[in-house]
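Okay, so here's the structure we're looking at.
The values are calculated or read from the model by the stated rules, or taken from the named source; none is laboratory data. Since the structure is predicted, the reported quantities are computational estimates derived from the model, not experimental observations. Cβ coordinates were reconstructed from backbone atoms using ideal geometry, including for glycine residues, and neighbour counts include every protein chain displayed. SASA here: full protein model, heavy atoms, side chains in, ligands and nucleic acids out. Shrake-Rupley method; radii C 1.70, N 1.55, O 1.52, S 1.80 Å.
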Amino acid sequence: KRLNLFFIGFYFLIGFTPYLNAIDKIATQFLFLSIYNIVVFTFINFSYKFYKDSFHYLIKFKYFFSFLGLVILSALSYFYSENGIESLVQTSRYLNYFFALVNVFLLSKSDFEYNIKHLSYIIVGVLTIEVIWIYKNLIENIDLMSSYRQQSLRAFTGNINITAFAVLYKTPFLFYILYLSKNRYLKFFSALIIVSTFFIIFNLGSRAANYSSLILVFFAVVFFFKSKKYNLLFFTVFLFLSSIFINRLVYRGNDSYDYIERSLKINNASSNSRIGFYTDALNSISEKPILGIGSGNWKIKSIELDRLSIIDYTIPYHVHNDFLEVTAELGILGFL
């Protein structure tokens, strides 16, 4: 059981992979992830008797075949895409995610209740390290008057939007510990990290993360209401509003960091460029709706479609909407 927890928990440390002189941190992250996937999958297969039931559950797991279908479509696009090598690169990434999903599913399903309870503490531990790391960067580079988002706050990832979601995805486990724990000191610690985490998410200035944090709090409130934990319900709302209040107190009127200003003002250069990317993707989909342009080829097609808007050497590497990007690359079937 402890070995399972160790193997699952280590997946949350992949984000701390160093650059190792790579230009983009995603390169070393994928390298470490691929090596780790092989190690874990080998261990699971050597211990097949222990995981036999988990394998049966995996076959019934509907996302298993859906994801496998995406991998196969991506591989087949090599034969018709403009740049077949990019299709193979993207397929290898899908395979990496696929095996990570399979490994975590098999490890966690072997004793789900035990794993989810104890894994929560591991995830919150990793989250605490991430939050402290971001605060360190924030204190070292703070500029209250800056109208630009500080890239230094990305900390352990290669992009501040990814950092925002890496932190946000772990936040529900804080609410879970708040719900589960009987220890008042642990509850206090969870509450403190919740406020600190939301404040950091608002600081990162990702609109999608801002909206998602609101949705997260809504579901937490619904959960506590159904569980008749009304004290935790009001406490959750209080913690979230406290985070917004502190954010407003520090950054009031700053379009880049003020939670309310950043979330409500969507008519700016960033939003307009995203709408341009979405339009390009829809145009590409209308040209090749069945097969798409080939997996991993959006970064090439985007230069053709966005050439009049490109500044210097910055190209629209992604659509910034996975559904549109996958549909453009792999057609309607890829989207499904």
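Quick notes
- Condition check for Ile290 on (1) assigned to a helix (DSSP H, G or I); (2) touching a helix residue (DSSP H, G or I) at 6+ places or on another chain (Cβ under 8 Å): one failure, at (1).
- Qualifying residue in the range 158-174 (condition: in a helix (DSSP H, G or I), of a type in the set (Ser, Thr, Tyr), farther than 19 Å from Leu233 by Cα and free of Cβ contacts under 8 Å to residues at least 24 places away in the same chain): no
- Extreme residue, nearest to the chain's Cα centre (by Cα), among residues of the range 300-336 that are open to solvent by 60 Å² or more (accessible area, probe 1.4 Å) and among the hydroxyl-bearing types (Ser, Thr, Tyr): Tyr317
- Of everything in the range 56-108 that is in contact (Cβ under 8 Å) with a residue 24 or more places away in the chain, open to solvent by 90 Å² or more (accessible area, probe 1.4 Å) and within 23 Å of the chain's Cα centre (by Cα), the residue that is nearest to Ile290 (Cα to Cα) is Tyr63.
- Of the criteria (1) surrounded by fewer than 21 Cβ atoms within 10 Å (Cβ to Cβ); (2) modelled with pLDDT of 85 or more, which one Gly294 fails: (1)
- Count of residues meeting criterion [of a type outside the set (Gly, Ala, Ser), open to solvent by less than 90 Å² (accessible area, probe 1.4 Å) and under 22 Å from Ile134 (Cα atoms)] in the range 1-55: 14
- Asn115 being open to solvent by less than 30 Å² (accessible area, probe 1.4 Å), modelled with pLDDT under 90 and under 28 Å from Ile59 (Cα atoms): yes
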